[in-house]
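Here is the structure we will look at.
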Amino acid sequence: MAHKRCEQCGNQTPPWDTIHFGSGDGGHELICTLCFNARIAESNGFTDFENVRLDPVRITDCQGEPHHFHFQLRLLGDRIALDAFELRGEFRAGYRFQLIGEADDDVFVLLGRLVEKIRRALSVRHIDFHECRIIDSTVRGRIEWDESQAGRVPLVVVDGKEVSGDELGRMLMSMEGWQFRLDIADPSDEV
Ligand SMILES: [Zn+2]
């Protein structure tokens, strides 16, 4: 998949680093994250916002497998969202993490907190993918869209890997008769 041209600065930008920016007349432009933040900062008067592009980092999970995390920093009104994600090709896939801060927070302090959060999450494994079973009694993950199911059954991402609703169901069936609790949390919460 080719890079997209930012309609403001003209730079070729990977799809994960672009944002559809709605204009007043109902249309929208595809712009890069840096141009998006500059527009928000200008309209809100946050002249000292640190509009930076953060370098990817490599973090190893408890199985010794390396994960490359890319970052996107977005200024959203008076708050900032810092997202960390893995890529498959040029698209987000695998682990994803988010931290919400205030517009005047130090971006590098937030980055440090996000990296700590990633390390905590990668230090735990929930599913034995060889034996197709839940290792302990807790599973943490993310609910995603399953293209093959047209929205009827979720795809969940656990330990940075995709698990179909069917696979999850089979894992649960090895615990027939047990109780469970289902908690849904905001993308930026730590579960
Ligand atoms: Zn741009």
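The values are calculated or read from the model by the stated rules, or taken from the named source; none is laboratory data. For clarity, every value in this text was computed on a predicted model and none was experimentally measured. All Cβ positions, glycine included, derive from the backbone under ideal geometry; neighbour counts span all protein chains shown. These accessible areas exclude ligands, DNA and RNA; they are computed on the full protein's heavy atoms, side chains included. Shrake-Rupley method; radii C 1.70, N 1.55, O 1.52, S 1.80 Å.
The figure for residue 5 is an accessible area of roughly 140 square angstrom, using a 1.4 Å probe on the protein chains alone. Measure off, as a whole percent, the carbon and sulfur share of the 1.4 Å-probe accessible area of segment 4-122, all protein chains present. C and S fraction of accessible area: 47 percent.
The residues of the chain present an accessible area of 62 Å² per residue when probed at 1.4 Å with all protein chains retained. The distance linking segment 31-64 with segment 123-150 is 30 Å (Cα centroid to Cα centroid, whole angstrom). Note the angle between two axes, namely the Cα long axis of helix 107-122 and the longest principal axis of the Cα atoms of the chain, as a number of degrees from 0 to 90, rounded to the nearest 10. The answer is roughly 10 degrees.
Subtracting the Cα-Cα distance of residue 52 and residue 144 from their residue separation scaled by 0.36 nm leaves 30.2 nm.
Axis angle, to the nearest 10 degrees, between helix 33-44 and the longest C-alpha principal axis of the chain: 60 degrees.
In segment 127-173, the portion of solvent-accessible area held by carbon and sulfur atoms comes to 52 percent [1.4 Å probe, whole percent, DNA, RNA and ligands not counted]. Per the Kirkwood formula applied to alpha carbons, segment 41-136 shows a radius of gyration over Rh ratio, Rg over Rh, of 1.07.
Extending 7 Å from the Cα toward the beta-carbon at both residue 106 and residue 76 defines two label points whose distance is 2.4 nm. In the chain, the sites counted are GluC sites (Glu not before Pro) in DSSP loop states with at most 12 other Cβ atoms within 10 Å, and the longest stretch holding none of them, exclusive of the sites, is 1-130. For residue 25 and residue 5, the FRET efficiency from 1/(1 + (r/R0)^6), where r spans their Cβ atoms and R0 equals 25 Å, is about 0.75.
Dipole check for segment 1-152: with +1 at the C-beta of Lys and Arg, -1 at the C-beta of Asp and Glu, and the Cα centre as origin, the magnitude is about 440 Debye. Computed over the chain, the per-residue total of -39500 (n - 2.57) for DSSP H runs of n ≥ 4 gives a 222 nm mean residue ellipticity of -6000 deg cm²/dmol, rounded to 500. Based on C-alpha pairs under 8 angstrom that are at least 6 apart in sequence, the chain has a relative contact order of 13 percent. Please return the longest stretch of the chain lacking exposed loop sites, where chymotrypsin sites (Phe, Trp or Tyr not before Pro) count only if DSSP places them in a loop and at most 10 other Cβ atoms lie within 10 Å. Answer - 1-144. Cβ under 14 Å from residue 91's Cβ, residue 91 left aside: what net charge do those residues give with Lys, Arg +1 and Asp, Glu -1? So the environment of residue 91 carries a net charge of -3. Counting every C-alpha pair in the chain, the share spaced more than 20 angstrom apart comes to 63%. Annotation for residue 117 and residue 68: the two label points, set 7 Å from Cα along the Cα-Cβ direction, are 2.3 nm apart.
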